[in-house]
Amino acid sequence: MSEAVETATAEQEIDLAGANEILDHYVDMPGALMPVLQAIQEHYGYIPEPTVHLAAERLNVYSSQIFGVLTFYAQFHLEPRGKYIVRVCKGTACHVRGANRIGDTLKERLGIGHAETTEDLKFTAEYVACIGACGMAPVIMVNDATYGSMTVQKMDEVIEKYKKMD
Amino acid sequence: MVNLTIDGKQITVSRTATIYEAALEAGINIPVLCYAKKLLPFGACRVCLVQVEQMKGRLIPSCTTPVSEGMVVTTTSEEILKVRKTVLEFLLVNHVIECPVCDKGGECDLQELTYAHEVVTNRFQGEKFNLETDEVNPLIERNMNRCVLCGRCVRVCDEIVGYGSYSFINRGFETKIATAYDRGLNCEFCGQCVSMCPVGAILPRPFKFKARPWQLKEVDTVCGYCGNGCTVTLGVLNNKVETIRFNDKIGVNDGNLCIRGRFGYSYVNSEERLTTPLVRKGGQLVETSWDEALQVVADGFKQAQAGLGILSGARLTNEEMFLLKNLAKVAGTANLDHSGGECYKGVTEGVAGALGIAASTGTFPQVEACEAILAIRSDFYETHPVFGMVVNQAVKRNDAQLWLVADKRGKFAKLPNAKNLLHRPGMELDVLNGLARVLLDEGLAQTEGVEGVAELKQALANFGSDQVAARTGVEADALQSAARQLAAAKKSAILLAYGLPYTAYSRELGVAAANLAILLGIPGRDGSGLYLCGEKANSQGAIDLGIVPQTGGLGAQAMLDAAANGKLNALYVVGEDMLTSYPDHGKVEKALEKVPFLVVQDIFLSPTAAKAHVVLPAATFAEKDGTFTNAERRIQRVRPGIPLPGQAKTDGAIIADLIEKLGGNLAFTGSAAIFAEIGRNIPVYASVSFNGIGPQGFVWGGEILTPSRRRLQPIGGAVPVEGAFQLLTGSALYHSGTVSTRAKGPQAVVAEPYIEFGREDAKSLALKDGDLVKVAGNGVELRLKVKVDNRLPKGVLFAPYHFAAAGINRLYKGEAAVSVTVSK
Ligand code: SF4
Ligand code: SF4
Ligand code: SF4
Ligand code: FES
Ligand code: FES
């Protein structure tokens, strides 16, 4: 095969013990794919490629099918994610009140756009639709904490705060 | 049966039919796009909408809706046409229209539908796809901008090929067909997705920009590679085979092919083909005239008399083999064999001894409906991929239970429902005997009218499940449940492939498989069968025609032994590169060097031909007229698509010339006359005439061949192979024999020899793909490239036998497995 394919399929170093344990639990259950994938994401924080091939082998489905499922549902992450997930609301209300500027600030300060993660695995940016706090638009969330009426300056403060945290 | 009305026509169809199928039967063509005959109904495109009176208010997809009693269907109305047109307009919104540079132009379903429905403008405007073309591999190009999301590629690769390359990914506008992680295609390259794609989204790369479909001459013939005997339709342009066309109308394969049949054709056009006779003068092979060459050969044969040996490759048609047999008679020798020699004994001695017939007892399509299937040898899918696809369908669609007697975790082992009786290398025999013993012990065996029950029982004294488990590594429980399930199935099949890399225990395995089949009541039972599948296109023909040692004559191995010991006067090899394909290279080399007169008739100057005194340039399957008989006894027509290169002649013409030079005279010329003559000698071939062989071929002996006897033959076990590493050789899916190594398609995927390691061994030896290792055994050391896969258990290595350069047969001398050492 060509070199491109070879490097692309090169194995990622990853401890499969966790995935195997999850699979042990579900292997004889029909329709186990979704719960397995959710459990794998829970365990690793995302879905590492080797676990997809492992699940394919053990659940007797194709890797391509699993990839189809993973890309269909927004809940699955194919890349490792940051410790802090910064969700920037791009819903109508937030948009009108300057959500783009907030997103841009994040990009300038941390270098990450939608679905991207900083190299130190600390931050992941996500642009999302209305998160139900339109009254305080523009809104962001960092993990479970919500920050409203965001400005560029407030954004800087929030970023600094989390940068200092572990 | 169900009665319904379609467009005013009253019709009666089977209750499992869909509206679309019912209409087709009534001669009414409903347009379709995502529907394909051989795939399960899907209902994605909505091109096939019809009106059903009983389901007023909406249009119904005819391809997924089953018929029901009294249904009244309308297939064309203004409303239907309007909706269809809208469906097409939607498809064309994102579809990048580039018909002038698309190879599908002229046979594209979308193009035709658009034309037929006069979709000239589009009311809808939308973003066109702008996706990168997948051109990573050399065989299949994927341009997803042309995709209409019919899912046919996804479904064929899953339902039939059982590989599962593709899936729908993403959603909404972003939805597209992709491989896992959206990478370049890297698969079996069987090309089924190419043949299923209704548009130009998946195309064969070797054919890119070569021709428009209407410029091609199409010739239906039979694939020249394996005993599956698939119909291939040659696409010929300017006297060259430029592609293999999709054809599901005739033959046994439903249009399915493997990489060899689909992409392995280029060798016939090769510049390296032999085009003139060569004769050795002053140590050199030099070009000569046919007259001289034939005279030299005839003189040599005359001199050799009964000391002449004749070996026939399975490239020969039945007619040519018949002539060859005549030649042996005229030349006065009994030393005649087909090149498969040793490995055919499972059929000609094993099964023949048991059942009185030397062939498979059923036909391939029946296996799709089997409840239980036992496939012996892990390489079965590799040697007979398209028959393997029938097994896939039996398992995936009909829930057949598949049992494997295998030394690897091969493709079949990944099927749902497959249970792998994974055994130590070379121990198939013991597993089969163990199964037979369970049947006998548990009273599950059918013994009425069966001879030799007591003797077999005695011979199986040491094959209790626990004993077998200890020797083979297959768990006793698994063995027992396999035997029980096989016994419980009303329709079952046993599959065993044979071929040059599987010479060990060849006769014994045939016997053991036949014993098991008899005890399970398989031979002669409706829907069940014992399948012995030859490696080459006309292996079965060679057996039918009796290309075996004649009374008192030597077989293939005995001829080589005699030659090596200076006891054979001349050897005539037709279409086999023995130096590459035979076990024990050293012995073959010695035989070829020692024999005083060696004639090789072939299409390339193979290593074997290079040693000859005379080389005769012959023909490929694509240049021949005649018949092949496949592994299910189906006699099929081989038709010439291209002329012979240079002065090359067909094997038949050469043999006929030689017969004449030797003073024989043939009362018949031409394939039809020879076929008739065959019928006079071999009664089963008499029931059909040459021109009566239809598009589906003719199965001699009928769909189910009834055995003339049921005789169990006592048989022992195998001798376990010792050592930390055991090397197996065999067939790799992408190749067949040695010829495929001259074909661009297979070479594009697997270009060179390799040695395969399982993950565990690779890890402990710190080996990765592409590393070079030294493999030593039988006093020979080879350097081979490493390939790591997850098929092999610990301690088991595999190397394919197709490649001359690898020299696997220097190491492999015909054992079931060779004990080797590995070092870096
Ligand atoms: S070539 Fe065959 S194996 Fe490969 S994707 Fe197409 S159908 Fe599947
Ligand atoms: S690539 Fe071809 S076969 Fe596959 S979904 Fe698209 S149009 Fe259909
Ligand atoms: S090699 Fe065999 S399975 Fe493949 S296409 Fe040819 S006959 Fe069919
Ligand atoms: S639009 Fe941002 S919270 Fe509703
Ligand atoms: S052909 Fe019936 S829905 Fe596509």
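The values are calculated or read from the model by the stated rules, or taken from the named source; none is laboratory data. Keep in mind that what you see is a predicted model, and the values were worked out from it rather than measured. Here Cβ is always computed from backbone atoms with ideal geometry, including for glycine, and neighbour counts include all displayed protein chains. When the accessible area is computed, the model is the full protein with side chains, heavy atoms only, and any ligands, DNA or RNA have been set aside. Shrake-Rupley method; radii C 1.70, N 1.55, O 1.52, S 1.80 Å.
The B and A chains share an interface that buries close to 1900 Å² of accessible area, total over both sides, probe 1.4 Å. Could you list the residues of segment B:410-431 with an amide nitrogen less than 20 Å from a label point located 7 Å from the Cα of B:Glu442 in the Cα-to-C-beta direction? From segment B:410-431, the list is B:417-423, B:429-431. With chain A treated as a Gaussian network of Cα nodes joined by springs under 10 Å, which of A:Pro30, A:Pro50, A:Pro80 yields the largest mean-square fluctuation? Evaluated over chain A, the most mobile residue of the options is A:Pro30.
Accessible surface calculations at 1.4 Å, restricted to protein heavy atoms, place the protein assembly as shown at 39 Å² per residue.
On a per residue basis, the convex hull of the C-alpha atoms belonging to segment B:630-787 measures out at 285 Å³. Ranking B:Phe725, B:Phe628 by solvent-accessible area of protein heavy atoms (1.4 Å probe, all protein chains present), from largest to smallest, gives B:Phe725, B:Phe628. Explain nothing, just the number: dipole magnitude of chain B about its Cα centre with +1 on each Lys and Arg Cβ and -1 on each Asp and Glu Cβ, in debye rounded to the nearest 20. Charge dipole of chain B: 640 debye, to the nearest 20.
Evaluate the Debye formula for segment B:486-645 with equal point scatterers sitting on the alpha carbons, no solvent, and hand back log10 of I(q)/I(0) at q = 0.17, 0.19 Å⁻¹, in q order, two decimals. So the normalised log intensities are -1.14, -1.27.
Scaling against 2.2 N^0.38 Å puts the C-alpha radius of gyration of chain B at 0.99.
Averaged over all directions, how much area does the convex hull of the C-alpha atoms of segment B:271-373 cover when projected, in nm²?
11.2 nm²
Please report, as a whole percent, how much of the solvent-accessible surface of segment B:345-534 comes from carbon and sulfur atoms (probe radius 1.4 Å). Solvent-exposed carbon and sulfur of segment B:345-534 make up 45 percent of the total. Using the empirical formula 2.2 N^0.38 Å as the baseline, the Cα radius of gyration of segment B:12-82 reaches a ratio of 1.01.
Considering only DSSP beta bridges whose two residues both sit in the protein assembly as shown, what percent are antiparallel, to the nearest 5?
Counting only bridges with both partners in the protein assembly as shown, antiparallel ones make up about 50 percent.
Helix B:290-304 and the longest principal axis of the Cα set of chain B meet at an angle near 50°.
Label positions at B:Ile693 and B:Glu78, each projected 7 Å from the Cα along the C-beta direction, are separated by 5.7 nm.
A simple spin-label model places pseudo-atoms 7 Å from Cα toward Cβ; at B:Thr5 and B:Lys281 they are separated by 8.5 nm. Unpartnered cysteines of chain A (Cβ-Cβ under 4.7 Å counts as a partner)? Isolated Cys, chain A: A:Cys130, A:Cys134. With contacts taken as Cα pairs under 8 Å and at least 6 residues apart, segment B:506-663 reaches a relative contact order of 18 percent. Semi-axes of the equivalent ellipsoid for chain A, computed as √(5λ) from the eigenvalues of its C-alpha gyration tensor and ordered from largest down, come to 35, 18, 15 Å. Note on chain B: dipole from Cβ charges, positive end direction compared against B:Thr363, B:Tyr754, B:His585; the farthest Cα belongs to B:Tyr754. Across chain B, Cα pairs under 8 Å and at least six residues apart give a relative contact order of 14 percent. Which values of log₁₀ I(q)/I(0), to two decimal places, follow from the Debye formula for the protein assembly as shown at q = 0.06, 0.07 Å⁻¹ with a uniform point scatterer at every Cα? Cα-only, vacuum Debye calculation for the protein assembly as shown: -0.51, -0.68. For segment B:170-206, heavy-atom accessible area (probe 1.4 Å) falls by no less than 20 Å² from the chain alone to the full protein assembly at B:Asn170, B:Arg171, B:Ala180, B:Tyr181, B:Arg183, B:Asn186. A viscosity of 1.567 mPa s and a temperature of 4 °C, combined with the Kirkwood radius over Cα pairs in Stokes-Einstein, give a translational diffusion coefficient for segment B:317-391 of 85 µm²/s. Shown for segment B:53-201: the carbon plus sulfur share of the solvent-accessible area, taken with all protein chains present and a 1.4 angstrom probe, equals 53%.
Cα convex hull, segment B:131-175: 89 Å³ per residue, rounded to a whole number. Relative to the dominant Cα principal axis of chain B, helix B:78-94 is inclined by about 60°.
By DSSP, the beta bridges lying fully in chain A are antiparallel in about 55 percent of cases. Label-to-label distance, A:Tyr73 versus B:Ser823, with points set 7 angstrom from Cα along the beta-carbon direction: 5.4 nm. Averaged over the residues of peptide B:771-784, the number of Cβ atoms from other protein chains lying within 10 Å of each residue's Cβ is 0. Restricting to bridges with both residues inside chain B, how much of the DSSP beta-bridge set is antiparallel, in percent to the nearest 5? Counting only bridges with both partners in chain B, antiparallel ones make up about 50 percent.
Built from the Cα atoms of segment B:124-266, the convex hull projects on average onto 9.7 nm², one quarter of its surface area. Here the Gaussian network model covers chain A, with springs between Cα atoms less than 10 Å apart; of A:Glu13, A:Glu119, A:Glu79, A:Glu13 fluctuates the most.
Taking a point 7 Å from the Cα of B:Ile682 along the Cα-to-Cβ direction, the residues of segment B:331-348 with backbone N closer than 20 Å to it are B:331, B:333-348. With the largest listed first and rounded to whole Å, the semi-axes of the equivalent ellipsoid of segment B:55-108 from the Cα gyration tensor are 31, 14, 10.
Would you please give the FRET efficiency between B:Ala672 and B:Asp248, computed as 1/(1 + (r/R0)^6) with r the Cβ-Cβ distance and R0 = 22 Å, to the nearest 0.05?
Efficiency, rounded to the nearest 0.05: 0.20.
The rule of thumb for compact globular proteins, 2.2 N^0.38 Å, goes into the C-alpha radius of gyration of segment B:725-823 1.01 times.
For segment A:54-97, a reduction of at least 40 Å² in accessible area between the chain on its own and the assembled protein chains (probe 1.4 Å) is found at A:Asn60, A:Tyr62, A:Ser64, A:Phe67, A:Thr71, A:Phe72. What FRET efficiency would be calculated for the residue pair A:Lys154, B:Arg15, taking the C-beta separation as r and a Förster radius of 60 Å, to the nearest 0.05? That pair, A:Lys154 with B:Arg15, gives E of 0.30.
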